[in-house]
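K.L.:
If you scroll down you'll find the structure; I have some questions about it.
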Amino acid sequence: MKAGNIILGALLAAVLASTCSCRPEYTIPTGELPDVPEGGVVWLDLTRLNKYNLKDTTDVKNLWDAIHMTATLQGIINREEPCLYLNYIESEGHRTDEYWWDKFSAPGEWLSGRPVVRIVDPVKACDMFRDRFNGLVVYDPKVPATSCLASTVAGVEDLVAVRYDPTPGSIYTRMISRGYKVKIWLVNKDGSSKFSSKAEAYRWALDNYLKRGKCCTEFAGYYVDQFWMKNPTATISNHHLLSNHDFFVSKKAFFFDLSPWSDEVATDNPEGSVGEDARLMKEMLLEIYRRNGNGDVFCHIGGFPAWANKYTNHQQVGGAHTPVQTEWKFAEIIGEYNAYKDADAIVYGAMANASFWQHYPLQDKYPQKWTTRDQLKAKGYIKADGSVDLSRRYVLLYVGDYDAASWIYQTTPSIFDDPQRGKVPMMWSVSPILCRRAPMAMHYMWTHATENDYFAAADNGAGYLNPGSLQSPRKISNLPDGMEQWVAHCKPWYEKWGITVTGFIIDGNAKGMNDEGFKAYSEFSPNGIVPQKVPSLALLSNGMPVVRSGGSAGAETPAEAIKIIKNACKSHTELPFYWFRAVLKKPSWYVSVKEGLEEQSPEIAWMSGPEWFELMKYYLEQKN
């Protein structure tokens with residue numbers, strides 16, 4: 001579903017990505033190699049890469065090499081303290097990395113007063129931190145999977161990842177000429193391939209890193225490998241997502257890029273066998289599950305199926321399944337092994353500096369207010385005789401999908417900072433687990449919320465998995481029921497952020513939750529959940545409202561959304577409560593929709609999240 005909502009935007013972005021920007025280059029004097037002052041930050045500006053021509057193979061290789069080396073260097077250098085900052089991500093007219101830096105380097109903020117050394121050359125960044133890493137891991141341009149292997153090795157061995165390319169002026173040539181030693185070769189020294197296939201490469205990584213206990217299995221990176229270079233204009237230019245690697249390198253995570261499909265050959269590996277990728281993925285996930293206390297610790301997987309480049313039937317990719325089907329298949333599989341995704345999806349999938357921001361100091365708690373029944377009575381929703389006013393139609397819009405750290409990182413400047421925010425009630429739906437990679441963004445949102453801003457959890461709790469995949473029988477993994485483990489995982493994150501509602505649950509390909517699943521959610525989401533698969537329109541489970549999700553009201557124009565909402569309120573009268581999903585809409589859009597509804601259909605009540613769920617609970621109690 002997330003993939004489906006963004007395909008149109010991705011196609012437009014791909015057109016823009018293949019052209020050069022008219023923005024003048026952001027230049028910084030290079031000078032000699034400076035010293036980094038005590039407590040200082042090295043600011044590496046690579047925004048010029050956004051002007052590279054993605055139809056030029058040399059530009060594409062240079063972009064890839066610069067960002068991959070930088071991200072792996074960041075992961076090592078920023079592991080213990082924030083020292084190296086990358087300025088690269090641009091989105092909708094905003095320089096995103098600059099936006100966050102400016103907010104938190106203002107007087108009195110976390111970075112205020114920190115000395116800054118500004119450079120523009122990633123090789124110079126390596127020189128400045130030369131004594132903080134152990135050398136290079138060099139990978140094979142002819143075996144795309146080796147770029148993921150290199151990121152795994154980089155984190156475990158403290159080695160910077162470099163693609164083999166003896167061309168004069170390449171990153172590889174420059175690093176070798178400066179005396180950096182290659183400690184691990186994922187390609188033979190003469191440039192011939194060490195691995196004959198994708199499967200052989202991953203077998204080596206599984207046997208030598210994951211199964212030997214070298215990786216931290218609480219984290220994994222699911223990001224596109226260097227196959228991306230075959231079609232870099234498939235979507236936005238920064239959707240190589242190499243900048244996202246830094247956090248997972250800092251955690252010594254295992255990186256992979258495998259198809260979830262068992263019924264076809266992976267589109268990036270036509271020489272492979274049917275289902276080979278999926279078998280490797282399940283073997284990997286089972287090993288992670290066992291090393292995580294048989295699922296007591298959930299694996300946090302950063303990334304999303306690279307559907308514009310692989311594993312789907314999108315355009316010329318060559319697969320049999322749609323992007324949404326592939327999104328759901330991946331979610332179904334990982335949930336079976338107690339893993340979830342932090343879903344860095346197109347169009348806002350790119351994120352930089354999570355290894356830096358992970359050190360941001362959060363408050364212990366971020367409490368939120370809830371609505372009382374006296375307040376509902378004061379507004380006339382509960383009448384004097386104690387009954388719910390059934391002449392009204394009660395509407396709630398789910399403001400999503402903030403189930404990815406990259407999405408809140410990129411959209412805060414353009415969406416959350418919309419000057420219209422605060423004029424109408426909005427239920428922002430944000431996964432609380434995103435504070436691991438974007439703590440400063442969540443702190444900013446919670447501490448700058450108005451009385452009309454309320455935060456619920458996005459799909460499907462503290463991470464995106466299908467909760468039905470946790471319940472026995474688990475048809476893919478055959479593992480024991482994992483719902484109690486999910487409760488233990490989610491509960492502290494909900495408590496920290498004052499969350500008591502799960503605004504949407506994507507059941508996807510998995511079975512819907514049973515009564516025990518609903519009761520499990522009531523332990524950490526007591527004020528309500530909205531799954532896709534519910535036996536009735538609404539019910540109470542252990543005092544928690546369980547409401548079947550409705551349709552999407554995320555039309556392009558407010559007028560279209562108004563029409564959708566009005567039609568639903570007229571045609572579905574079994575229940576006077578209506579839930580609609582909207583994705584990536586600005587507050588100004590919601591203001592226009594609310595104003596139009598009030599003018600055209602005054603019987604429709606636009607409600608806050610707490611009002612809607614509390615009134616729903618009261619209604620169900622009275623009905624029962």
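The values are calculated or read from the model by the stated rules, or taken from the named source; none is laboratory data. None of the values given here were measured: they were computed from a predicted structure. All Cβ positions, even for glycine, are placed from backbone atoms using ideal geometry, and neighbour counts span all protein chains on display. The area values use the complete protein model at the heavy-atom level, side chains included, leaving out ligands, DNA and RNA. Shrake-Rupley method; radii C 1.70, N 1.55, O 1.52, S 1.80 Å.
K.L.:
From the list Glu556, Glu516, Glu523, Glu560, which one is among the acidic types (Asp, Glu) and closer than 19 Å to Phe613 by Cβ?
P.N.:
Of Glu556, Glu516, Glu523, Glu560, the one residue that is among the acidic types (Asp, Glu) and closer than 19 Å to Phe613 by Cβ is Glu523.
K.L.:
Which of the residues belonging to region 250-288 are in a helix (DSSP H, G or I), touching a residue at least 60 places away in the same chain (Cβ under 8 Å) and under 19 Å from Pro323 (Cβ atoms)?
P.N.:
Within region 250-288, just Asp277 meets the criteria.
K.L.:
Ok, one more. Which condition breaks for Lys55 when tested against (1) surrounded by fewer than 21 Cβ atoms within 10 Å (Cβ to Cβ); (2) part of a helix (DSSP H, G or I); (3) in contact with a Pro (Cβ under 9 Å, 6 or more places away or on another chain)?
P.N.:
So Lys55 meets the others, but not (2).
K.L.:
Now for a separate question. Can you tell me which of Glu574, Glu598, Glu611 is assigned to a helix (DSSP H, G or I) and open to solvent by 40 Å² or more (accessible area, probe 1.4 Å)?
P.N.:
Of Glu574, Glu598, Glu611, the one residue that is assigned to a helix (DSSP H, G or I) and open to solvent by 40 Å² or more (accessible area, probe 1.4 Å) is Glu598.
K.L.:
In addition: Tell me, please, whether a residue that is crowded, with 20+ Cβ neighbours inside 10 Å and on the phi > 0 side of the Ramachandran plot can be found in region 486-505.
P.N.:
No, region 486-505 contains no residue that is crowded, with 20+ Cβ neighbours inside 10 Å and on the phi > 0 side of the Ramachandran plot.
K.L.:
Let me ask you something else. Given the conditions (1) touching a strand residue (DSSP E or B) at 6+ places or on another chain (Cβ under 6 Å); (2) part of a loop (DSSP other than H, G, I, E, B); (3) under 21 Å from Ala106 (Cα atoms), which single one is not true for Ala449?
P.N.:
Of (1) touching a strand residue (DSSP E or B) at 6+ places or on another chain (Cβ under 6 Å); (2) part of a loop (DSSP other than H, G, I, E, B); (3) under 21 Å from Ala106 (Cα atoms), only one is false for Ala449: (1).
K.L.:
Need the failing condition index for Glu81 against (1) open to solvent by 60 Å² or more (accessible area, probe 1.4 Å); (2) under 29 Å from Thr173 (Cα atoms), just the number.
P.N.:
Just one mismatch for Glu81, condition (2).
K.L.:
Every residue in region 234-264 that is of a type outside the set (A, V, I, L, M, F, W, C), under 18 Å from the mean Cα position of the chain (by Cα) and under 26 Å from Pro82 (Cβ atoms), please.
P.N.:
Asn238, His239, His240, Ser243, Asn244, His245, Asp246, Ser250, Lys251
K.L.:
How do the pairs read when you match residues in region 449-461 that are closer than 17 Å to Gly517 by Cα with residues anywhere that are of a type in the set (D, E, K, R), using Cβ under 7 Å and keeping only pairs 6 or more apart or on different chains?
P.N.:
That search, which allows pairs on different chains as well, returns Asp459/Asp401; Asp459/Asp403.
K.L.:
To continue, here is another question. Mind checking which pairs have a first residue in region 463-476 that is touching a residue at least 60 places away in the same chain (Cβ under 8 Å) and a second that is among the acidic types (Asp, Glu), Cβ under 6 Å, 6 or more apart or different chains?
P.N.:
Note: pairs meeting the criteria are Tyr464/Asp403; Asn466/Glu332; Asn466/Asp507; Gly468/Asp507; Ser469/Glu332; Ser469/Glu336; Arg474/Glu336; Ile476/Glu336.
K.L.:
Which of the following residues is open to solvent by less than 30 Å² (accessible area, probe 1.4 Å), more than 22 Å from Met607 (Cα to Cα) and not basic (Lys, Arg): Thr411, Thr371?
P.N.:
Criteria check complete, one pass: Thr411.
K.L.:
A further question follows. If you go through region 301-334 one residue at a time, how many are of a type in the set (Ser, Thr, Tyr) and more than 15 Å from Asp268 (Cβ to Cβ)?
P.N.:
The qualifying residues number 1.
K.L.:
Just one of the numbered conditions (1) under 30 Å from Trp110 (Cα atoms); (2) touching a Lys or Arg at 6+ places or on another chain (Cβ under 9 Å) is not true of Asp459; which one?
P.N.:
Unmet condition: (1).
K.L.:
Related question: Can you find a residue in region 278-297 that is touching a Lys or Arg at 6+ places or on another chain (Cβ under 6 Å), among the aliphatic types (A, V, I, L, M) and open to solvent by less than 50 Å² (accessible area, probe 1.4 Å)?
P.N.:
no
K.L.:
Looking at region 202-213 only, could you name the residues that are within 26 Å of Gly272 (Cβ to Cβ) and either touching a Leu at 6+ places or on another chain (Cβ under 6 Å) or open to solvent by 30 Å² or more (accessible area, probe 1.4 Å) (or both)?
P.N.:
Listed by number, the residues that qualify are Tyr202, Arg203, Trp204, Ala205, Asp207, Asn208, Lys211, Arg212.
K.L.:
While we're here: Of Lys585, Lys563, Lys533, which residue is outside any loop (DSSP other than H, G, I, E, B) and either open to solvent by 10 Å² or more (accessible area, probe 1.4 Å) or at pLDDT 95 or above (or both)?
P.N.:
Lys563
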